[in-house]
Amino acid sequence: MSTATDSRIGDAIREVTQAEVDHYQRNGWTRLPGLVKPQALEVILARLKAKMGQDAEVEVASGHEAKTARPPQARALFNSYENCARTDPVLHDFAYSPAMGRVLSRCAGGPVRAWGDAAYVKMPVSRAGGKTPWHQDWPYYPFDRAGSLTVWIALVDVPPEMGPMRFVSGSHLWGPQGRVVGRTDGKDTMDILPQFLRDKVEISPEVGMKAGDATVHDDMTIHSAPPNQTDKPRWAYTMQAFPADTLFTGCPQRRTDDLGLALNQPLEHANFPVLPT
Ligand SMILES: O=C(O)CCC(=O)C(=O)O
């Protein structure tokens, strides 16, 4: 499907350091400056723009998710292109490369299965873009244990005014704190946290990112992003994974609904391969 030249795109991802892994495991997030080399960013951005348009004006979904629309509250946060790698061989070689597998499995502390990739483009406030509310990712997933994680790669420079993500350090150890998407009262995770946890909240500094810089966060870590106050879309590419031996809980989820997964068994399905390392 892909050529030898294409498959080298994964080589553009550097190794994580032990200090970065330690920071991730202690805080539930870490920064990975210069994770992806510029040449690969250009290729990725060009392939996303070919589908979404130069200004990300078109939303795209591939694979299983294409059957179900994203909830309106989620659509307000970004214009997205879900599961790009399922149909794009070059993006597949990037997201499912051993180098990407090593980043995710070293942070997770063991083998991981792919959950999926996506482009998330936060539109400027002037084009109806909003903030990303404080939330956890994990409460939406059909996993019997914690440990799923996300690598978030800036495809363009993301200065503070463009809305880089912020994390609540240590909150990956606080357990699930509720589902925010779907609430109708406008409250987010920070609003509904019990007071004893709110007293412990320590928010990561708001640091601008250069194109190619990345963060990794545990999907239990509470995180958010301010609105994009610039006049340019904030292009980001994400890849998610979860511990390979996680068992399926049967919780409804558009990514797993109707796949025929067996309750209380590993998510052994072509959509969720164990990532090579
Ligand atoms: O890009 C953002 O503003 C937030 C992304 C996010 O919540 C995630 O990748 O889990």
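The values are calculated or read from the model by the stated rules, or taken from the named source; none is laboratory data. Remember, predicted model here, so these are calculated numbers, not experimental data. Please note: Cβ atoms are built from the backbone with ideal geometry, for glycine as well, and neighbour counts cover all protein chains shown. Ligands, DNA and RNA are stripped out before the accessible areas are found, and what is left, the full protein with its side chains, is counted by its heavy atoms. Shrake-Rupley method; radii C 1.70, N 1.55, O 1.52, S 1.80 Å.
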**OP:** Give just the number: which of (1) among the basic types (Lys, Arg); (2) open to solvent by 10 Å² or more (accessible area, probe 1.4 Å); (3) modelled with pLDDT of 95 or more does Arg183 not satisfy?
**Re:** (3)
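State all residues of the stretch 115-172 that are charged (D, E, K, R) and open to solvent by 30 Å² or more (accessible area, probe 1.4 Å); if no residue qualifies, say none. Walk me through it before giving the result.
Here is the first cut: in the stretch 115-172, the residues charged (D, E, K, R) are 117, 122, 127, 131, 137, 144-145, 157, 161, 166.
Hits for the stretch 115-172 are Arg127, Lys131, Asp144, Arg145, Asp157, Glu161, Arg166.
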Original post:
Cβ-Cβ below 7 Å, separation at least six or inter-chain, first residue in the stretch 128-148 and within 15 Å of Gly182 (Cα to Cα) and part of a loop (DSSP other than H, G, I, E, B), second open to solvent by 30 Å² or more (accessible area, probe 1.4 Å) and more than 9 Å from the ligand (Cβ to nearest atom): which pairs?
Top reply: Gln136/Pro176; Gln136/Gln177
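Can you spot a residue in the stretch 63-82 that is aromatic (Phe, Trp, Tyr) and either outside any loop (DSSP other than H, G, I, E, B) or away from the ligand (no atom under 14 Å from the Cβ) (or both)?
Start the filter on the stretch 63-82 by keeping residues that are aromatic (Phe, Trp, Tyr), which leaves 78, 81.
Within this subset, residues satisfying the condition of being either outside any loop (DSSP other than H, G, I, E, B) or away from the ligand (no atom under 14 Å from the Cβ) (or both) are 81.
Checked the stretch 63-82: at least one residue is aromatic (Phe, Trp, Tyr) and either outside any loop (DSSP other than H, G, I, E, B) or away from the ligand (no atom under 14 Å from the Cβ) (or both).
Determine, yes or no, whether Met190 is more than 24 Å from Gly250 (Cβ to Cβ) and in contact with a Ser or Thr (Cβ under 9 Å, 6 or more places away or on another chain).
On the way: more than 24 Å from Gly250 (Cβ to Cβ): yes; in contact with a Ser or Thr (Cβ under 9 Å, 6 or more places away or on another chain): yes.
Judged against the criteria, Met190 is a match.
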Subject >> Single residue of the stretch 260-273 satisfying the filter (out of contact with any Ser or Thr (no Cβ under 9 Å at 6 or more places or on another chain) and of a type in the set (A, V, I, L, M, F, W, C)) that is surrounded by the most Cβ atoms within 10 Å (Cβ to Cβ) >> reply: Leu261
Original post:
Out of the residues in the stretch 117-127 that are assigned to a strand (DSSP E or B) and not β-branched (Val, Ile, Thr), which is farthest from the ligand (Cβ to nearest atom)?
Top reply: Pro124
**OP:** Determine whether the stretch 194-215 contains at least one residue that is over 22 Å from Met100 (Cβ atoms), more than 16 Å from the ligand (Cβ to nearest atom), among the polar types (S, T, N, Q) and surrounded by 14 or more Cβ atoms within 10 Å (Cβ to Cβ).
**Re:** no
**OP:** Just need a number here: residues in the stretch 226-250 that are within 15 Å of the ligand (Cβ to nearest atom), part of a loop (DSSP other than H, G, I, E, B) and open to solvent by less than 20 Å² (accessible area, probe 1.4 Å).
**Re:** 1
Subject >> Test set (1) free of Cβ contacts under 8 Å to residues at least 12 places away in the same chain; (2) near the ligand (Cβ under 10 Å from one of its atoms) - Gly163 fails condition number >> reply: (1)
